[in-house]
Amino acid sequence: MITGIMDHARVLARTIRHVFHMPVSNALNVLVIGIALSLPTGIYVILKNLERVAGQASSAPQLSLFMSMSASKEAIARIEKQLKQHTAIEMVEFVPRHEAFAQLKLTSGLADVMGSLKENPLPDAFIIHPKLTHSERLEALRDELRTLPHVDHVQLDSAWAHKLGALIKFANLVIWLVSVLLSLALVAITFNTIRLQVLTQRDEIEISKLLGATRAFIQRPFLYFGLLQGLLGGITAWLIITVSMALLNSYLANLTHLFASNFTLQALSANDIMTLLLFSAYLGWLGAWLSVTLHVWRAEIK
C-alpha cells in the first residue's frame, strides 16, 4: 500500500513539473477554463444575492390601503374597525394624511416645492400587516380590501418580490443550461489537450507497454494532469469572482449610501467554493479520462 502511495506521489510530482515546463500554454488553458467557469458561477452569485433581497422584502409582507380624498372621519373609523376585526390581518397602522405629508417633506428633499402646494395631495392611509405569507392569499386579501367603501387603492408592497422570485427561478434554469454547455466545452478543452500530449508521447507509451506497463499506469499521469488543470481552472474562476465582487461592492457602497442602505454583495460561501473546485477538478479528470482511454484503446486494436 505504501508503495502504491509513493507511486502516485511520484506521478503527481512529475505532472506538476510538466505543468510548469510549458507555463504559457498551460496558463492559457487554465485561464480559458477559469473564465468559462466564472460566467455561470458569477450569475449564480448575483442571483443568490437577489434571492436574499427578495427574501428580506417578502419575509414581512405589507399592504398599503389608501382612502379616497372624500372619505369622512366616520368612514375612516368604520374601515379601521373592519380591518382590525379581519381574521387575516395581524395589525393595522393608521397614517393620517397630514403626518404623511410632513414625513414626505422631511425625507424627499423637496420641502420648498411641497411647501408651495396649496393643498395636501396625499390621502389618509392604513399600513396593514397580514397574518398570511402565501402570495396567492395575499393577492386575494388585496382584492377583497379593494371592494371596501371609500377605498381608492390597495397596494401589496411585496408583490415585486414575488415577481422577482419567479424571475430568479427562470434564471436558475438558464444557469443550469449554460453550466451544462460550458461543462461540455471544458471537457472538450481537456480532451484536446490530453490528445496532443498522448500523440507527443506516443513512442514513450509504446516503450512502456513493451516493458509490461499496465493501462492504469499509462493513463495515470494524464489523468493527474487533467485533474490538476481543472483544479487550477476552478481556483482561477474563484479568484475572478472574488475580485469582481470586491470591485462591485466598492462601487455599490457609494450607491447604497445615497439610499441610506448598507446592502453588499455576498461572495461565494465555503461550501460553494468547495463545490466549484471539486466540480472543476472532476471536469478536468473526465476530459483526460475520455481522451486517454480512447487513444490507448485505438492503439491496442491496431
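Details
Yes/no matrix, rows are residues, columns are (1) modelled with pLDDT of 85 or more; (2) out of contact with any strand residue (DSSP E or B) (no Cβ under 9 Å at 6 or more places or on another chain); (3) surrounded by 14 or more Cβ atoms within 10 Å (Cβ to Cβ):
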position	(1), (2), (3)
Leu248	no, yes, yes
Tyr251	no, yes, no
Leu278	yes, yes, no
Tyr282	yes, yes, yes
Thr293	no, yes, yes
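- Candidates are the residues of the range 152-170 that are at pLDDT 75 or above and in a helix (DSSP H, G or I); the one that is surrounded by the most Cβ atoms within 10 Å (Cβ to Cβ) is Lys169.
- Test for Leu232: is it outside any helix (DSSP H, G or I), touching a helix residue (DSSP H, G or I) at 6+ places or on another chain (Cβ under 7 Å) and either of a type outside the set (Lys, Arg) or at pLDDT 80 or above (or both): no
- Condition check for Ile127: in the same structural domain as Ala100 (by TED's automatic domain parsing) and at pLDDT 70 or above: yes
- Per this entry, Leu265 is not counted among residues that are in a helix (DSSP H, G or I), at pLDDT below 85 and on the phi < 0 side of the Ramachandran plot.
- The range 1-92 holds helices (runs of 4 or more DSSP H) entirely within its bounds, and those carrying 1 or more residues that are at pLDDT below 90, within 37 Å of the chain's Cα centre (by Cα) and assigned by TED's automatic domain parsing to the domain that holds Leu277 map to 2-21, 23-58.
- Restricting the range 135-151 to residues that are over 24 Å from Glu74 (Cα atoms) and surrounded by 12 or more Cβ atoms within 10 Å (Cβ to Cβ), the residue that is modelled with the highest pLDDT: Ala140
The values are calculated or read from the model by the stated rules, or taken from the named source; none is laboratory data. What you are looking at is a predicted structure, and each value in this text was computed from that prediction instead of being measured. All Cβ positions, glycine included, derive from the backbone under ideal geometry; neighbour counts span all protein chains shown.
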